[in-house]
Structure formats: structure tokens, C-alpha cells
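The values are calculated or read from the model by the stated rules, or taken from the named source; none is laboratory data. Quick caveat, the model's predicted, so the values are computed rather than measured. Neighbour counts are summed over all protein chains in view; Cβ atoms, including those assigned to glycine, are modelled from backbone coordinates with ideal geometry. The protein model used for the area step is the full one, side chains on, heavy atoms only, and it has no ligands, DNA or RNA in it. Shrake-Rupley method; radii C 1.70, N 1.55, O 1.52, S 1.80 Å.
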Amino acid sequence: MKHTERKTIHLLPPELSNQIAAGEVVERPASVVKELVENSLDAGATFVDVEVENGGQTLIRVTDDGQGIDAGQLELAVTRHATSKLAGFDDLQHIESYGFRGEALPSIASVSRFRMTSAPLREDGSIGEASCIEVEYGLLKGVRPAALHRGTLVEVAELFSNVPARLKFLKTPATELKRVQELFTRLALAREDAGFRLRSGSRELLHFEAGQPLPRRLAALWPPAIVDALLPFSLSESGMHLHGLTSDPRSSQPRADRMLFYVNGRAVNDRLILQAVRQAYQGRLTSRDYPQIVLFLDMPPQEVDVNVHPAKNEVRFRDEKAVFGAVFHAVSHALAHVPAASARLAESAAARTPEDGRSSVHPPGFWGEADASRILPRPRFDPEEKLESTASGLREPAATPLQYTRRPDAERPVQPSRVPLASPRVPLAFDGLPERSPAAVTTPALRKKAAPTTQSEPKYGTPDILPSSPAAEEKASGLDALPDFLERCRYLGQIANTYLLFVQNDDTLLLLDQHAMHERIFYEKFRRNGSQGRAQPLLTPLELNLHPAESARFLELSGTLVRLGFEAVCRQGHCTVQAIPADMDRAAAAAFLREALSGRVDDMESVWMHHACATAIRAGQRLSPDDVHELVRQWLLTEEPDYCPHGRPCAVTLERSDLEKLFKRKQS
């Protein structure tokens with residue numbers, strides 16, 4: 001048996017223990033900025049100025065106008081477990097300051113060239129003489145007199161230069177700077193009474209005046225489309241006070257980076273609060289969407305434990321159930337006057353988003369409610385007769401309708417008096433359906449010789465649901481033999497100009513969501529053809545003024561926009577669009593750009609999904625029977641007709657047994 005060398009227990013050298021502590025507290029430049037700004041606020045600062053170079057790796061300089069530190073205490077300030085914020089165990093149960101561990105400054109000083117200059121504020125209001133302390137990678141260099149008007153100046157240079165293993169884990173300067181901005185803004189949002197400024201070299205990135213209200217500060221961070229949709233809330237419950245701003249469900253986004261939570265003024269990442277907020281939005285957002293929210297929870301300090309994580313960004317509540325309920329009720333009250341998805345019926349299609357694109361292009365209420373009803377069964381086609389995609393344009397010649405054929409073993413409907421879904425003539429009555437010509441979409445086995453047709457305008461009005469003549473049925477069957485389940489159906493009309501109602505076999509109701517169906521058609525088309533970049537030049541360029549956040553987003557999405565067909569340049573917060581995708585009009589293109597640049601769409605799949613949503617026919621748009629026939633026909637050719645790209649059902653069925661339960665004819 002192999003014997004290992006017996007090792008004795010010993011104390012770690014201060015330099016090594018400080019570096020270990022630094023690994024817990026100082027993860028990257030943003031962590032340094034957070035600790036130093038929190039120290040400034042704890043010192044009573046009314047203005048905090050932060051300057052970084054090279055993403056914070058080369059230099060971080062934080063200046064404040066707080067109370068400062070006496071010369072005799074500067075050395076203690078960079079000693080581990082030395083703090084002015086705790087005196088006994090009882091203080092640990094009533095923490096009201098940001099810092100209290102006494103580890104931040106010595107940890108930072110152990111992995112950098114550290115210098116702190118401070119001019120203390122005396123009891124009589126005068127300013128004492130300034131002093132400076134220097135520490136180089138954990139080694140104290142001494143304390144000496146210095147010049148400073150007021151407050152404290154901390155400089156952190158060459159971060160992690162003595163720890164190459166930590167240095168290699170840093171990202172690019174641009175990425176590190178972005179993280180500095182994120183933590184800086186979280187602190188600034190919590191303290192409206194103080195002013196803040198962030199600079200990168202000589203460039204000013206953010207500037208918040210003292211006394212600036214929360215909506216104005218958010219307006220400097222988030223695009224106008226997001227800020228304009230925020231709803232205020234304020235609620236006191238179970239000894240807690242909750243207040244803040246939360247978004248209208250129609251301005252959701254695919255990421256959770258705009259969900260900011262504070263407990264007693266401390267920025268935290270808390271799963272319990274997150275779950276309560278998501279619960280309040282249940283039925284208004286899909287599981288893949290997130291609201292924008294800034295939530296402040298104020299509660300007795302003894303009811304929350306902030307001593308959970310070295311970085312102090314996690315907390316633990318004594319009564320989690322009460323906290324969950326209070327957060328849920330506060331957000332629910334804000335949403336009380338916003339109708340749920342199932343109740344939001346859209347306005348007319350003429351009320352499309354204006355060119356400035358400031359409002360959301362999502363039509364209110366287009367998705368319906370995903371309840372427990374069964375989804376419409378998918379139409380069956382012969383597996384040997386696969387559908388082929390096409391890369392052709394957006395409109396289909398009405399004289400060449402698509403031919404269908406029935407599987408040989410398909411059950412034939414035993415109802416000769418059923419009228420086909422629509423008349424044999426199927427011209428397109430509205431823009432926006434992808435072109436699917438018979439030659440491109442079907443295999444030779446599916447192509448039947450079509451009787452000659454003449455293009456005519458569609459008939460608007462009440463659909464014909466009376467039995468047709470045998471001759472008319474024979475003509476309709478020869479020209480356009482519909483799939484099996486459609487030949488069992490009668491079209492009854494639209495409900496709220498949004499849902500298409502059919503009756504099948506006299507015992508089943510089918511409800512189709514016209515927007516969700518059309519969205520599915522477009523999504524699959526864009527997914528196939530969206531990278532071809534087909535563009536239409538604009539006679540007059542589209543001009544958009546961009547928020548700084550939108551300008552940054554434009555740079556991230558520039559390649560994607562080119563693949564979509566956009567030709568645009570952005571300079572100094574102004575975007576000039578020379579060409580737009582061939583299947584978009586000018587207003588839709590402007591609205592789409594606003595939506596994409598606001599961050600509501602994220603990856604390519606999200607782009608296709610949003611593009612399809614923006615282009616599809618609206619909820620609330622009246623369709624003729626011919627329009628309905630063409631929409632259903634193309635929808636049945638999609639690969640996944642059951643759901644729209646967002647996961648909402650395109651169709652719901654109510655069978656006889658379902659109706660009997662609804663009317664209490666059956667109990668189960």
C-alpha cells in the first residue's frame with residue numbers, strides 16, 4: 001500500500017489568503033467597480049464618478065464625495081475582516097449597508113496595483129487633510145500625504161497581472177466594458193438620490209443626475225419602445241413594500257436580462273422573485289418570453305439574510321411564501337387593467353404600426369388561448385408523395401390552383417350534400433401568401449390536370465353553407481380535390497374577424513386562428529428562403545433615429561439584416577435604410593427594425609418568428625370565403641401546421657363529448 005507524506009496543518013500566508021478571497025469577491029473588472037461604488041454609497045456619497053480603461057483591466061478609477069477615511073485608518077481599510085459597518089452579532093441581523101465583510105479592498109489590492117486617496121469629513125463639516133495608501137499586489141507600500149478636495153479616490157491598475165491564470169479568463173475589453181456598464185447601471189437605478197457618471201477613457205458612456213426619477217434613468221438604458229410600455233406598481237403587504245415598473249405583456253423579449261430585482265436597495269439575483277413574476281404573467285406570455293421589470297422589495301432587515309454569497313448578490317428570506325405572494329400580487333395589480341392574451345382582440349388591419357415603429361407590431365390578442373382542447377389532427381398525405389419547397393415569390397397566379405389527391409386508403413366522407421370549403425375559383429384576395437406553384441410544390445404523382453379557370457375578384461359576404469348541386473360538386477372535386485378532413489367540413493364564418501369556424505361531420509367544431517396559420521406559413525417560407533437577401537430599393541430612404549442601445553444592437557444584427565434583405569447604415573445614432581426585404585412594405589420594415597433593435601428578437605429563429613408575425617394577416621382582419629380557402633390550403637402544406645412558431649395552437653377542436661361537458665350534459 002502506497003503511503004503519502006504526512007502534512008501538517010498551518011496558517012496560510014496573508015498574501016495567499018487574500019488571493020483566495022479575491023477569487024470569491026473579484027471575478028472581473030465589473031466586480032471591482034461594484035465593490036468600490038458600493039463603498040462610496042455606504043460612505044454617503046451624493047455623486048460617484050467611474051472611469052475605466054481597456055475594459056477595466058488597465059485602470060479603474062472611482063471618485064466620490066463621501067465622508068472619506070482618516071489617515072490613521074487607511075491601513076486598516078486594506079486589512080481583511082476590518083470594517084466600520086459591523087460592531088457585534090446583532091448588527092449582522094440588521095444589515096442596512098451594501099458592504100459588511102471587510103474583504104473587498106484587501107482582495108482587490110492583492111491582485112492589482114492599488115492606490116486610495118481620501119480626505120475625511122470632520123464633525124464640524126470641514127474637510128481634513130488628505131492621505132494616500134498604496135498596495136502593490138498585496139504588499140503594503142506605505143501611507144503618505146496627498147492632495148484631494150473631498151471624499152475618496154480609488155485607483156486599481158493592472159488587474160490580475162500577477163495572476164496569469166485569472167487574467168486569461170477575462171473576455172475582450174468590449175465585453176468586459178459591457179459587464180461594467182450592466183453592474184454600474186444596476187447600482188444607479190437603486191439610488192435616485194445620488195448622481196452617477198461612467199466614462200471609458202475620454203468618452204462618457206452614462207450620466208445620471210441626482211434626483212433623476214427611475215423612468216428617466218431607464219430611458220437612457222432601454223429603447224423607447226420598451227420604456228413607453230412600462231406600468232408602475234406599488235403595494236404594501238405583510239410588512240413589505242414593493243414598487244417599481246413592469247412591462248406590458250405585448251412588449252416581451254426572449255431574454256431575462258431586463259428583469260432587475262432589488263431587496264432593501266441591494267441588487268440581487270433571486271429565483272423566488274423571478275418565479276413569482278413569471279407566475280403573475282402566466283397566460284399573458286409564453287414560457288420562452290420574459291417581461292421587462294424593475295422591482296424593489298423593502299422589508300425588515302431581520303427578515304432577509306444577505307450573508308449568503310461573497311459577492312452579496314444572493315439573499316435568503318425567512319418567509320419565502322409571504323415574499324412570493326407579495327411579489328405576485330404587486331405585479332398582478334399592475335397587469336390588472338391589461339387584458340390577457342385570450343381577451344385581446346385586435347384592431348383593424350388598417351391600424352398597422354406607423355413608420356416610426358414605436359409601438360409593438362404584435363397584434364393584441366392574435367394567439368388565442370392554449371387550453372386543454374385537442375389540437376386539430378394533421379392532414380394525412382401519402383409518404384411517397386413528399387412536398388417540395390419552392391424559393392419563388394410571394395403571390396400565386398390564380399389560374400393555376402394547387403391540386404390535391406387523396407390517399408387510396410383514406411376513408412371517403414359519406415355526406416354527398418356537403419359543400420366544398422370554397423368555390424372552385426380561388427384567386428388571392430389579400431397580399432402576403434407565399435407562392436407555391438403546382439410544379440414546385442408537388443411531385444408528379446400529385447399533379448392532376450386542372451380545368452381551365454379565369455381569375456376573378458373574390459366574393460365577400462356570408463359563406464354559402466347550403467347543399468350544392470351534384471354537377472357543382474363534380475366540378476369542384478375535379479378542379480381542386482381537398483384533403484380528407486376538409487371535405488368533411490363546412491365553413492361557417494369568422495368570429496371576431498380572427499377565428500375561422502368550421503363544423504366537421506355534424507359533431508365537431510373546428511376553430512382556426514387566422515393569424516397563427518398565416519404566421520406558420522410565413523415562418524417556414526422565411527426559414528427556407530430568408531437568407532437569400534432579396535431586397536427592394538426604396539425611392540426615398542427610410543430614416544430612423546436610434547437610441548444608443550438600438551445603435552449597439554444594430555451593430556450586432558447587421559449581418560442578419562443584410563441576409564434578410566435590408567441595406568442600411570448607422571452613423572451617430574441615425575439609421576438610413578436604402579432597401580428593405582422584398583416581402584415587406586415600408587411601414588412593416590420600419591416596425592420590424594424597431595422591434596429587432598429594441599432587443600425583442602434575439603437569434604435567427606427569433607428573427608424569422610418575428611418577421612413572420614409582422615408580415616402575417618392580422619387578427620381582426622375580415623376575410624372572404626375565397627381568402628379562407630386559400631389560407632387553409634397553404635397552411636395544410638406546412639411541415640408543422642398544429643402550432644404557430646411561438647408554440648400557440650393554430651387550431652382547436654371541440655367534439656360532441658366536449659360540448660356535452662360544457663353544457664353539463666355529462667359530468668366527466
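Under the condition of being at pLDDT below 80 and among the aliphatic types (A, V, I, L, M), the residues counted in the stretch 592-611 number 4.
Within the stretch 148-160, the residues that satisfy the criterion of being farther than 14 Å from Ile69 by Cα and not charged (D, E, K, R) are Val156, Ala157, Leu159, Phe160.
Once the stretch 279-298 is narrowed to residues that are more than 13 Å from the chain's Cα centre (by Cα) and open to solvent by 20 Å² or more (accessible area, probe 1.4 Å), the residue that is nearest to Ser31 (Cα to Cα) is Asp298. Would you check which residues across the stretch 145-169 are in contact with a helix residue (DSSP H, G or I) (Cβ under 9 Å, 6 or more places away or on another chain) and under 18 Å from Gln73 (Cα atoms) and list them? Once the filter is applied, which keeps residues that are in contact with a helix residue (DSSP H, G or I) (Cβ under 9 Å, 6 or more places away or on another chain) and under 18 Å from Gln73 (Cα atoms), the stretch 145-169 yields Pro145, Gly151, Thr152, Val154. Against the criterion of being open to solvent by 30 Å² or more (accessible area, probe 1.4 Å) and not acidic (Asp, Glu), Arg271 qualifies. Of the residues making up the stretch 296-319, those that are part of a loop (DSSP other than H, G, I, E, B), closer than 24 Å to Leu187 by Cβ and free of Cβ contacts under 8 Å to residues at least 60 places away in the same chain are Val308, His309, Asn313, Glu314, Val315. With the requirement that a residue be in a strand (DSSP E or B), in contact (Cβ under 8 Å) with a residue 12 or more places away in the chain and open to solvent by 50 Å² or more (accessible area, probe 1.4 Å), what does the stretch 183-206 give you? If the condition is that a residue be in a strand (DSSP E or B), in contact (Cβ under 8 Å) with a residue 12 or more places away in the chain and open to solvent by 50 Å² or more (accessible area, probe 1.4 Å), then Arg197, Arg199 are the ones that fit. Entry remark, the stretch 62-114: residues being at pLDDT below 90 and at positive phi number 2 in total. Checking each residue in the stretch 138-164 for being open to solvent by 60 Å² or more (accessible area, probe 1.4 Å) and within 17 Å of Val111 (Cβ to Cβ) picks out Leu139, Leu140, Lys141, Glu158, Pro164. Note on the stretch 226-251: among residues that are closer than 13 Å to Asp289 by Cβ and open to solvent by less than 20 Å² (accessible area, probe 1.4 Å), the one that is modelled with the highest pLDDT is Ser247. Could you check Gly647 against (1) under 19 Å from the mean Cα position of the chain (by Cα); (2) in a helix (DSSP H, G or I) and say which number it fails? (2) is the only condition that Gly647 fails. Scanning the stretch 563-591 for residues that are more than 24 Å from Ile617 (Cα to Cα), hydrophobic (A, V, I, L, M, F, W, C) and surrounded by 14 or more Cβ atoms within 10 Å (Cβ to Cβ) yields Ala568, Cys570, Cys575, Val577. All of Ser40, Ser17 fail the test of being assigned to a helix (DSSP H, G or I), closer than 20 Å to Ala157 by Cβ and either within 42 Å of the chain's Cα centre (by Cα) or modelled with pLDDT of 90 or more (or both), apart from Ser40.
Could you check, for the stretch 653-665, whether at least one of its residues is under 13 Å from Glu519 (Cβ atoms) and exposed (fewer than 15 other Cβ atoms within 10 Å of the Cβ)? Within the stretch 653-665 (the criterion being under 13 Å from Glu519 (Cβ atoms) and exposed (fewer than 15 other Cβ atoms within 10 Å of the Cβ)), the answer is no, since none of the residues qualifies. Just for the stretch 30-44: of the residues that are in contact with a helix residue (DSSP H, G or I) (Cβ under 9 Å, 6 or more places away or on another chain) and not β-branched (Val, Ile, Thr), which one is surrounded by the fewest Cβ atoms within 10 Å (Cβ to Cβ)? Among them, the one singled out is Glu38. Regarding the stretch 487-505, can at least one residue be identified that is under 22 Å from the mean Cα position of the chain (by Cα) and in a helix (DSSP H, G or I)? No, every residue in the stretch 487-505 fails to be under 22 Å from the mean Cα position of the chain (by Cα) and in a helix (DSSP H, G or I). Scanning the stretch 317-338 for residues that are modelled with pLDDT under 90 and either within 30 Å of Asn39 (Cβ to Cβ) or surrounded by fewer than 14 Cβ atoms within 10 Å (Cβ to Cβ) (or both) yields Ala336, His337. Residues satisfying the criterion are absent from the stretch 640-651 (criterion: charged (D, E, K, R), at pLDDT below 85, crowded, with 23+ Cβ neighbours inside 10 Å and under 25 Å from Gly283 (Cα atoms)). For Thr560, the criteria (1) over 26 Å from Ala256 (Cα atoms); (2) in a helix (DSSP H, G or I); (3) open to solvent by 10 Å² or more (accessible area, probe 1.4 Å) hold in every case but one, which is (1). Among the residues of the stretch 533-557, just one is open to solvent by 40 Å² or more (accessible area, probe 1.4 Å), within 24 Å of the chain's Cα centre (by Cα) and among the polar types (S, T, N, Q), namely Asn545.
For the stretch 45-74, the set of residues classified as charged (D, E, K, R) and open to solvent by less than 50 Å² (accessible area, probe 1.4 Å) consists of Asp49, Glu51, Asp64, Asp65, listed by residue number.
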